[in-house]
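Have a look at the structure below before the remarks.
Here, each number is a calculation from the coordinates, and none is a lab measurement. Keep in mind that this is a model prediction, so the values were computed, not measured. Cβ placement follows ideal geometry from the backbone for every residue including glycine, while neighbour counts extend to all protein chains displayed.
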Amino acid sequence: MIAAVSDDAEVISSSTTDPERFTELYHRYAAEIHRYIASRLGPDTADDLMAETFLQAFRHRHRYDAARAGVRPWLYGIATKLISRQRRSEVRFYKAVARTGVDPAVESPMERATDRLSAEGMRGDIAAALTRLNQGERDVLVLVAAGGLGYEEIAQALGVAVGTVSSRLNRARAKMRAALEAHSG
């Protein structure tokens, strides 16, 4: 992973004189960033925001600080900020999932069928519980669950302290647990 981070930093550095090099980062991270955005706002918005994430990263690549963060958390941070701008859409998305129990971010029909069989009744409750989290708690929880980021990476992506990530995640988990226990109880 350290080799990838230094390689990513080198790609950004060299892209200031050879802009085509930046496409390497797009090919390396676009699918991951797209999945993250789709899990937050649905697949229709994900295409546009994923493209906007990389456009902003390209435009601001001269500001990238290799000593502060790897490219992956930097891209997640940009994506999360764009998602924040779409917050009302995100809340509407989770409310629709809560009403219908259908998550359009699930890609394959097989996954959809498996999910329905195993947890159809819970999806709506999970989505409803997500709408009750504050934005900071929701960002941290989804970055862990959908992005697979660690505490350090989330802290870098959101520009907050690791302790803040930990406390937000603990609060989010407690609220989600309480909501799910209320459903099963």
Gap separating the Cα centres of the stretch 19-62 and the stretch 150-173, nearest whole Å: 22
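Return the FRET efficiency for the residue pair Leu55, Arg171: r is the Cβ-Cβ distance, R0 is 25 Å, and the value is rounded to the nearest 0.05.
Working: r = 33 Å, r/R0 = 1.33.
It comes out at approximately 0.15.
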